[in-house]
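The values are calculated or read from the model by the stated rules, or taken from the named source; none is laboratory data. Keep in mind that what you see is a predicted model, and the values were worked out from it rather than measured. Here the Cβ positions follow ideal geometry from the backbone for every residue, glycine too, while neighbour counts run over all protein chains shown. Each accessible area value is taken on the protein alone, full model and side chains, heavy atoms only, with ligands, DNA and RNA left out. Shrake-Rupley method; radii C 1.70, N 1.55, O 1.52, S 1.80 Å.
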4 protein chains.
Amino acid sequence: MSKIRVVVWGEYVHEQKSEAIRKVYPDGMHNCIAKSLAKNDSFAVSTATLQEPEHGLAQARLEETDVLIWWGHVAHNQVEDRIVDRVQKRVLEGMGLIVLHSGHYSKIFKRLMGTTCSLIWREAGEKERVWLCHPGHPIAQGIDTYFEIPAEEMYGEPFGIPSPDETVFISWFQGGEVFRSGCCWKRGNGKIFYFRPGHESYPTYFQPEVQTVIRNAVRWAAPEGSPWIDSIPNVRVSPEGIRQE
Amino acid sequence: MSKIRVVVWGEYVHEQKSEAIRKVYPDGMHNCIAKSLAKNDSFAVSTATLQEPEHGLAQARLEETDVLIWWGHVAHNQVEDRIVDRVQKRVLEGMGLIVLHSGHYSKIFKRLMGTTCSLIWREAGEKERVWLCHPGHPIAQGIDTYFEIPAEEMYGEPFGIPSPDETVFISWFQGGEVFRSGCCWKRGNGKIFYFRPGHESYPTYFQPEVQTVIRNAVRWAAPEGSPWIDSIPNVRVSPEGIRQE
Amino acid sequence: MSKIRVVVWGEYVHEQKSEAIRKVYPDGMHNCIAKSLAKNDSFAVSTATLQEPEHGLAQARLEETDVLIWWGHVAHNQVEDRIVDRVQKRVLEGMGLIVLHSGHYSKIFKRLMGTTCSLIWREAGEKERVWLCHPGHPIAQGIDTYFEIPAEEMYGEPFGIPSPDETVFISWFQGGEVFRSGCCWKRGNGKIFYFRPGHESYPTYFQPEVQTVIRNAVRWAAPEGSPWIDSIPNVRVSPEGIRQE
Amino acid sequence: MSKIRVVVWGEYVHEQKSEAIRKVYPDGMHNCIAKSLAKNDSFAVSTATLQEPEHGLAQARLEETDVLIWWGHVAHNQVEDRIVDRVQKRVLEGMGLIVLHSGHYSKIFKRLMGTTCSLIWREAGEKERVWLCHPGHPIAQGIDTYFEIPAEEMYGEPFGIPSPDETVFISWFQGGEVFRSGCCWKRGNGKIFYFRPGHESYPTYFQPEVQTVIRNAVRWAAPEGSPWIDSIPNVRVSPEGIRQE
């Protein structure tokens with residue numbers, strides 16, 4: 001079986017601008033995530049960042065990507081629309097997409113959801129307890145009932161998303177909020193997973209349970225069927241070819 | 001516009017057996033809920049209990065019921081299967097069904113869901129904070145972001161239900177759990193709403209926010225279309241009648 | 001009860017450019033639909049067209065619109081993005097949206113769906129039989145099993161949409177195709193209904209069953225809850241205000 | 001990778017009672033399906049029938065079954081409820097279930113759906129054209145736009161099912177009807193696929209496209225996660241164990 005080709009896309013702004021963040025993620029968040037995934041023999045992992053030409057997402061590269069992981073925050077607006085178009089097309093064709101944390105407000109996630117994707121938030125380094133709503137789900141393999149992140153940014157409901165196909169995780173926050181932290185959708189041929197944890201100022205992506213969930217999500221989101229994208233514009237059907245009455 | 005005909009069904013066992021529970025609900029939980037609903041001029045409210053003939057749910061009565069509210073707990077197994085059949089048929093035909101608290105394990109709810117409907121629980125009189133996931137939803141009118149219940153039984157995920165069409169409320173519990181407390185489904189023509197709060201030992205159904213949600217849910221669940229139930233067995237279509245090629 | 005405020009939006013290009021189309025719809029398709037709806041006392045109906053300033057959809061007007069009906073075809077690209085933004089925001093806030101026929105490819109529909117919305121098609125004036133999949137549904141009131149349109153453009157699967165919340169109608173075409181012709185979604189607070197029939201060269205919107213479906217859909221799509229739109233950017237929650245542990 | 005263990009369950013009544021049906025399926029329909037699947041090295045295929053002890057579905061056997069295929073028709077009521085309970089439990093635990101044709105009215109399918117599962121039908125040996133709604137879907141691999149079955153029983157809408165998670169196929173019938181012929185749901189951990197074709201009097205299960213769909217569906221329905229079934233009754237959570245505030 002061929003390897004699942006994963007690209008971890010990082011905005012890579014916080015880590016370059018702030019010494020505090022660089023202390024948490026010296027190589028950038030994308031590299032932290034990529035290194036953790038690369039331990040898995042069945043994945044072929046690489047990274048891409050906002051600063052690269054075409055944000056590292058040239059057409060040819062996307063065509064060879066099975067699953068794209070997306071972390072963005074302060075620079076959502078710097079992502080070019082033509083790249084967003086391209087990523088959307090690839091998702092509808094079958095590429096898996098995993099959107100992390102503040103990526104809820106990325107162009108690509110809002111484009112695919114069609115809704116506001118907004119939420120409430122607070123930065124207070126509080127405890128997050130991530131509950132499993134769907135035991136036995138492929139994304140939850142190795143997770144036992146719940147896991148805790150000692151200090152995280154809080155995200156709270158209401159989360160402005162279309163009803164998920166499956167809600168895999170819901171978070172409990174020390175300060176009194178709840179949030180649908182792990183949500184699945186299918187759009188076209190592509191599987192989409194939103195996963196909440198991962199504020200830049202906490203070492204969340206070093207935590208084993210978080211790495212486990214992302215690894216499981218890559219496997220879940222990898223294309224199952226054959227690539228397919230309907231042509232644009234619509235297909236005109238010749239009556240001769242089809243009509244048989 | 002004619003009134004919405006609501007029947008509040010109560011198992012009515014705890015209140016008769018336990019003096020402690022009777023102190024909380026001297027007239028039974030069903031009467032507490034019914035009285036609160038009856039304040040609304042657009043509802044015609046009555047009650048039914050397990051102990052009545054046919055559990056108070058004779059065919060003729062169900063045919064004149066727009067929305068049925070269900071509270072049961074220790075006596076789920078005493079509900080006769082033929083009555084469950086009848087209620088299911090009416091829901092599929094268009095009657096709204098509101099299932100409260102421990103009704104998650106009732107025969108009728110499990111019948112309509114097809115799943116285990118199980119959950120985790122703890123009785124410790126802890127604080128519940130019920131968050132609104134879907135502001136502006138008809139069931140949430142008058143609820144502002146969240147409301148709190150000072151002491152309740154805890155219900156926690158995983159909740160063994162099919163993915164809800166809409167998740168209106170998620171609860172946060174003081175002890176560290178979360179729960180999808182307000183969930184909507186449609187089955188056949190019938191709208192179904194599960195609402196978590198209401199353990200028998202706490203005066204939850206006297207709380208204004210809880211009464212507001214149940215009142216809203218009655219309006220939401222009331223039949224919109226025309227009654228319809230497919231006959232059993234299947235309909236055989238005459239080729240003469242239909243075929244027109 | 002106050003009236004449901006309906007705006008029928010018409011691209012109004014075919015009718016002005018082609019004499020053949022003008023013969024079918026002398027006052028434009030939007031006026032044909034509006035007149036049919038206006039027979040209903042509980043609706044306050046008006047029209048808007050592409051050619052008007054802001055396409056007839058000024059902010060103030062949208063704020064006073066409960067349900068927007070959309071017919072467009074050859075001029076989708078002439079609809080300004082800022083107007084699409086505005087309509088999308090109002091739908092998420094609670095305004096109903098009914099998208100007709102070739103509106104499947106409008107900016108607003110693609111924006112809300114997040115998918116290609118493409119399909120196959122053929123213009124051969126063939127018979128369409130529209131089957132009811134969901135008897136008793138509010139949108140199907142007055143429709144008996146199925147209805148026929150003597151001559152229509154064919155639209156066929158695959159239809160590139162997210163799984164509908166409810167599939168109310170599926171069409172059978174004489175030439176051998178099928179299509180999900182009546183589909184419901186909810187996005188934010190807004191209800192969305194796509195309805196297939198209505199090619200400009202056929203008098204489809206004069207047909208009573210088609211008028212019945214659109215009238216039902218207006219009632220179904222009218223806002224039920226309170227207007228609500230999450231602010232942009234996200235809401236930051238003060239720890240003092242919320243945190244209570 | 002270990003093989004997917006498939007059990008093809010056949011009611012096996014028509015084939016024993018009617019010489020006409022026996023001419024079509026001399027070894028029974030279940031053996032026809034099983035032989036076709038057994039050509040695939042990655043499947044371990046066996047059969048079970050109504051007439052065997054426990055209908056061939058002993059607890060130990062079900063525990064070693066990954067995907068169960070179900071064909072039943074005239075003897076739905078002879079299937080014992082305790083066996084239906086057992087199959088339902090295994091599906092919720094993660095076993096895939098493929099329900100064929102008249103199995104729409106089986107106890108197990110109605111149990112998992114919670115609805116009537118009824119439809120309209122006609123036996124007139126007419127042409128069925130099965131359209132693909134979801135190109136690229138794993139269940140549709142190898143199917144090109146549509147395929148035809150020269151003579152089949154007609155099944156028509158309305159089909160009394162909960163909204164499918166995905167509608168993979170819709171059929172067009174020569175006589176003028178349509179039907180959602182390929183539908184996916186998830187219940188608990190189990191994937192469920194309903195596939196319409198296969199009336200006993202036609203050699204449908206010998207047709208390559210039909211065999212392809214069933215083979216694809218087996219792969220799709222095979223368990224992805226870990227087996228999991230919530231205990232009955234609910235789990236009581238000890239406050240000492242969980243509460244950490």
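Numbers below:
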read-out: Check on C:Arg180, of a type in the set (D, E, K, R) and either at positive phi or open to solvent by less than 10 Å² (accessible area, probe 1.4 Å) (or both); value: no
read-out: Residue match in the range C:126-148 (condition: closer than 15 Å to D:Trp172 by Cβ and without any contact (Cβ under 8 Å) to a residue 12 or more places away in the chain); value: no
read-out: Failed condition for B:Gly142, given (1) in contact with a strand residue (DSSP E or B) (Cβ under 8 Å, 6 or more places away or on another chain); (2) of a type outside the set (Lys, Arg); (3) at pLDDT below 95; value: (1)
read-out: Residue pairs meeting the criteria (Cβ under 7 Å; at least 6 apart or on separate chains; first over 18 Å from C:Ala222 (Cβ atoms) and in contact (Cβ under 8 Å) with a residue 40 or more places away in the chain, in the range C:28-56; second among the aromatic types (Phe, Trp, Tyr) and surrounded by fewer than 16 Cβ atoms within 10 Å (Cβ to Cβ)); value: C:Cys32/C:Phe206
read-out: Close pairs from the range C:97-125: first at pLDDT 95 or above, partner among the hydroxyl-bearing types (Ser, Thr, Tyr) and open to solvent by less than 10 Å² (accessible area, probe 1.4 Å), Cβ under 7 Å, at least 6 apart; value: C:Val99/C:Ser106; C:Val99/C:Tyr194; C:His104/C:Tyr194
read-out: Of the criteria (1) open to solvent by 10 Å² or more (accessible area, probe 1.4 Å); (2) away from chain A (no Cβ under 14 Å); (3) assigned to a helix (DSSP H, G or I), which one D:Ala124 fails; value: (3)
read-out: Test result for B:Ser118, open to solvent by less than 10 Å² (accessible area, probe 1.4 Å), more than 10 Å from every other protein chain (Cβ to nearest Cβ) and within 27 Å of D:Ile161 (Cα to Cα); value: no
read-out: Residue match in the range C:25-44 (condition: hydroxyl-bearing (Ser, Thr, Tyr) and under 16 Å from C:Ile69 (Cα atoms)); value: yes
read-out: Criterion: within 27 Å of B:Met113 (Cα to Cα), open to solvent by 20 Å² or more (accessible area, probe 1.4 Å) and more than 14 Å from the chain's Cα centre (by Cα) - qualifying residue of B:Glu19, B:Glu52; value: B:Glu52
read-out: Exclusive hit being surrounded by fewer than 24 Cβ atoms within 10 Å (Cβ to Cβ) and part of a strand (DSSP E or B), set C:Pro150, C:Pro164; value: C:Pro150
read-out: For D:Pro239: the one exception among (1) away from chain A (no Cβ under 14 Å); (2) modelled with pLDDT of 95 or more; value: (2)
read-out: Test result for A:Trp172, in contact (Cβ under 8 Å) with a residue 24 or more places away in the chain and within 11 Å of chain D (Cβ to nearest Cβ); value: yes
read-out: Unique residue being free of Cβ contacts under 8 Å to residues at least 24 places away in the same chain, under 14 Å from the mean Cα position of the chain (by Cα), within 13 Å of another protein chain (Cβ to nearest Cβ) and under 30 Å from A:Cys184 (Cα atoms) when the list is D:Lys186, D:Lys191; value: D:Lys186
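Residues checked against (1) outside any helix (DSSP H, G or I); (2) open to solvent by less than 10 Å² (accessible area, probe 1.4 Å); (3) modelled with pLDDT of 95 or more:
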position: B:Lys191; (1), (2), (3): yes, no, yes
position: B:His199; (1), (2), (3): yes, yes, yes
position: B:Glu209; (1), (2), (3): no, no, yes
position: B:Val213; (1), (2), (3): no, yes, yes
position: B:Pro233; (1), (2), (3): yes, no, no
